[in-house]
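The values are calculated or read from the model by the stated rules, or taken from the named source; none is laboratory data. From a predicted model like this one, the values you see are computed outputs, not experimental measurements. All Cβ positions, glycine included, derive from the backbone under ideal geometry; neighbour counts span all protein chains shown.
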């Protein structure tokens with residue numbers, strides 16, 4: 001994705017008679033029409049939005065997945081992305097975790113009075129680019145405006161629809177003892193990128209969010225291994241610890257992790273140590289966990305390595321009959337500890 005300055009120079013804000021969002025932009029009248037016409041419809045244009053209708057009629061073949069999500073991240077702009085591409089990637093990845101290829105999204109924006117038009121424009125541009133990268137079309141949506149002080153700039157809600165792979169059967173009930181836990185890439189990057197901005201931390205290397213779509217890797221795994229892919233989850237809020245605890249609890253089996261095998265960028269590890277945070281609980285936005293049959297685990301990791309975003313995919317654990325409902329970590333120093341479900345909120349407003 002182009003940096004913010006380059007994007008603003010290449011796609012400048014259109015000339016309008018206002019520089020910030022005003023309450024009138026949520027009235028449904030002329031100001032709303034102008035905002036949508038020069039913004040959403042112009043930037044995200046496709047055959048569905050061209051109709052300027054409140055809904056869209058879609059054609060899908062086969063089993064269908066649907067998901068909805070809301071995004072309230074703070075700050076709105078962070079190293080590696082902003083709330084716009086985060087919303088697209090997050091929704092696309094939720095569909096991928098159902099074994100689905102994303103096709104269509106709806107987009108609803110709640111704007112705060114006084115929000116700079118230039119920032120809104122930049123967010124729309126990143127939404128457009130993220131949508132192109134994921135191969136989806138935004139077909140419908142909504143825009144509302146709230147009074148100054150009641151919206152924190154912009155909140156975004158999305159709903160995504162996609163077609164489920166015919167060989168996909170993704171359910172926690174299919175997890176078996178001996179199954180293998182895979183992760184598609186380094187953990188904790190998104191959450192620590194957000195925290196580095198909030199805390200004003202400076203490192204030799206800028207921490208970057210890992211926000212990215214993963215559906216292409218998932219689809220490839222399903223094409224090649226089908227039902228041997230038992231379970232998928234994107235470990236966003238609560239990190240990989242919470243996602244695996246949910247799986248262990250649902251299936252009433254144990255999961256054993258190997259700390260030395262869990263990939264993590266050096267600068268992310270350093271930031272976690274500095275802030276006293278456990279990376280197993282830190283949010284991710286561009287990786288996924290897979291629990292797979294043991295006979296295909298190594299092959300699956302090697303296939304994931306063929307994708308740039310899967311280059312550091314690894315086997316990190318196994319499903320066991322011991323300690324049912326719990327996740328236990330074999331630590332790098334030789335001990336063991338229970339990795340419990342996250343209690344409370346470690347990192348608020350990270351997605």
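General remarks:
- Residue within segment 179-192 that is out of contact with any helix residue (DSSP H, G or I) (no Cβ under 9 Å at 6 or more places or on another chain) and either under 19 Å from residue 282 (Cα atoms) or surrounded by fewer than 23 Cβ atoms within 10 Å (Cβ to Cβ) (or both) present: no
- Qualifying residue in segment 165-177 (condition: buried (at least 17 other Cβ atoms within 10 Å of the Cβ) and within 29 Å of residue 109 (Cβ to Cβ)): no
- Residues that are in contact with a helix residue (DSSP H, G or I) (Cβ under 7 Å, 6 or more places away or on another chain) and either modelled with pLDDT of 95 or more or outside the structural domain of residue 288 (by TED's automatic domain parsing) (or both) within segment 309-338 comprise 309, 310, 313, 314, 315, 316, 325, 326, 327, 329, 330, listed in sequence order.
- Residue that is under 22 Å from residue 72 (Cβ atoms), in a loop (DSSP other than H, G, I, E, B) and either in contact with a strand residue (DSSP E or B) (Cβ under 8 Å, 6 or more places away or on another chain) or at pLDDT 95 or above (or both), where the choices are 160, 149, 141: 149
- The criterion of at least 1 residues that are touching a strand residue (DSSP E or B) at 6+ places or on another chain (Cβ under 7 Å) and exposed (fewer than 14 other Cβ atoms within 10 Å of the Cβ) is met by the following strands (runs of 3 or more DSSP E) wholly inside segment 304-351: 336-338.
- Among residues of segment 50-68 being in contact with a helix residue (DSSP H, G or I) (Cβ under 9 Å, 6 or more places away or on another chain) and in a loop (DSSP other than H, G, I, E, B), the one that is farthest from residue 350 (Cα to Cα) is 52.
- Tabulated pairs, segment 69-80, first outside the structural domain of residue 115 (by TED's automatic domain parsing) and in a loop (DSSP other than H, G, I, E, B), second buried (at least 16 other Cβ atoms within 10 Å of the Cβ) and modelled with pLDDT of 95 or more, C-beta under 7 angstrom, 6+ apart or interchain: none
- Just one of the listed residues (85, 94) is within 30 Å of residue 229 (Cα to Cα), surrounded by 13 or more Cβ atoms within 10 Å (Cβ to Cβ) and in contact with a strand residue (DSSP E or B) (Cβ under 8 Å, 6 or more places away or on another chain), namely 94.
- Residue within segment 325-334 that is over 21 Å from the mean Cα position of the chain (by Cα) and within 21 Å of residue 225 (Cβ to Cβ) present: no
- Selection of segment 291-301 for residues being surrounded by fewer than 19 Cβ atoms within 10 Å (Cβ to Cβ) and under 23 Å from the mean Cα position of the chain (by Cα) yields an empty set.
- Number of positions in segment 244-274 that are within 21 Å of the chain's Cα centre (by Cα) and under 14 Å from residue 319 (Cβ atoms): 4
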